[in-house]
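All remarks here apply to the structure that follows.
The values are calculated or read from the model by the stated rules, or taken from the named source; none is laboratory data. Not measured: the values here are computed from a predicted model. We place every Cβ from the backbone using ideal geometry, glycine too, and count neighbours over all the protein chains shown. Remember, those area values only see protein heavy atoms, side chains included, never the ligands or the DNA or RNA. Shrake-Rupley method; radii C 1.70, N 1.55, O 1.52, S 1.80 Å.
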Amino acid sequence: METPRGLQNFVELMVEFVDNSVKESFHGKSKVIAPLALTIFVWIFLMNLMDLVPVDFVPRIASDIFGLEYFKIVPTTDINATLGLSLSVFFLIIFYSISMKGVGGFVKELTLQPFNTPIMIPFNFVLEMVGLLAKPVSLALRLFGNLYAGELIFILIAILPWGVQWMLSVPWAIFHILVITLQAFIFMMLTIVYLSMAHEKH
């Protein structure tokens, strides 16, 4: 049997990395979470990676060939894409919360925490709903904001004189590789943590 190398090593490294992250952060029992986490990480990383393509290259092709005046190559710089991803995670949180705790348990979680007394149910519900709805909003806005800001910086660099562009674009591109990897990692880890919380029975 040949020694694995190149792409196979990279894929095995990614799978092992995500698997260890799930083992450390997810405390429930589910065969879906690790593949889901891997899919999220790779998908978001590849979408973010498109930010390293020169900002005017693909839009110019889209304009010349297809007549599209406004074309954004990076999906995660569109709030609709990041919100769609985060809403998918949100529906999984609701699904697993109801699956693990039942409808009654989920309602109790929303109404009897943090103050376990009937008079505080309205206050608890408002507080818990804000916390619940903040999860998809924060996931979407964090990813969108960081990538949108990164693309704006690339655009600002692109309008500078040619000589200055190379001095600024190369260091920013190297730094941006860390940003796009970190954002994919954060989205994946928060998804694992939220789904782990959904699996907890109180």
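With a probe of 1.4 Å, find how much accessible area the chain has per residue, and write the answer as a whole number in Å².
62 Å²
Where does helix 79-111 land angle-wise versus the long Cα axis of the chain, in degrees 0 to 90, nearest 10?
10 degrees
GNM on the chain, C-alpha springs below 10 Å: top fluctuator among 144, 41, 17?
Result for the chain, Cα springs under 10 Å: 17 fluctuates most.
Relative contact order of the chain, please, whole-number percent, based on alpha carbon pairs below 8 angstrom and at least 6 residues apart.
Relative contact order here is 34 percent.
Take the solvent-accessible surface of the protein heavy atoms, probe 1.4 Å, and return the percent of it on segment 28-170 that carbon and sulfur atoms account for.
For segment 28-170, the apolar C and S fraction of the accessible surface comes to 75 percent.
Based on DSSP H runs of at least 4 residues, each adding -39500 (n - 2.57), what is the mean residue ellipticity at 222 nm of the chain after dividing by all its residues, to the nearest 500 deg cm²/dmol?
Details: 6 runs with 155 residues, N = 202.
It comes out at -27500 deg cm²/dmol, rounded to the nearest 500.
Taking the Cα centre of the chain as origin, work out the dipole magnitude from +1 charges on Lys and Arg Cβ and -1 charges on Asp and Glu Cβ, in debye rounded to 20.
Using only the charged Cβ atoms, the result is roughly 600 debye.
Please find, in a Gaussian network model of the chain (springs between Cα atoms separated by less than 10 Å), the residue of 11, 53, 74 whose mean-square fluctuation is greatest.
Comparing 11, 53, 74 in the GNM, the peak value goes to 11.
Tell me the angle of helix 7-25 to the major Cα principal axis of the chain, expressed in degrees between 0 and 90 and rounded to the nearest ten.
That works out to roughly 30 degrees.
Measure nothing but the geometry: give the 0 to 90° angle between the long axis through the Cα atoms of 57-66 and the longest principal axis through the Cα atoms of the chain, rounded to 10°.
Its long axis makes an angle of about 80 degrees.
Apply the Karplus parameterisation 6.51 cos²θ - 1.76 cosθ + 1.60, with θ equal to phi minus 60°, to every residue of segment 155-167 and state each ³J(HN,Hα) to the nearest whole Hz, in sequence, with x for glycine and proline.
Along segment 155-167, the couplings run 5, 4, 5, 5, 8, 7, x, 3, x, 6, 3, 5, 5 Hz.
Let me know the charge dipole size of segment 62-169 about its Cα centre in debye, to the nearest 20, where only the beta-carbon of Lys, Arg (+1) and Asp, Glu (-1) is charged.
Result for segment 62-169 is approximately 420 debye, rounded to the nearest 20.
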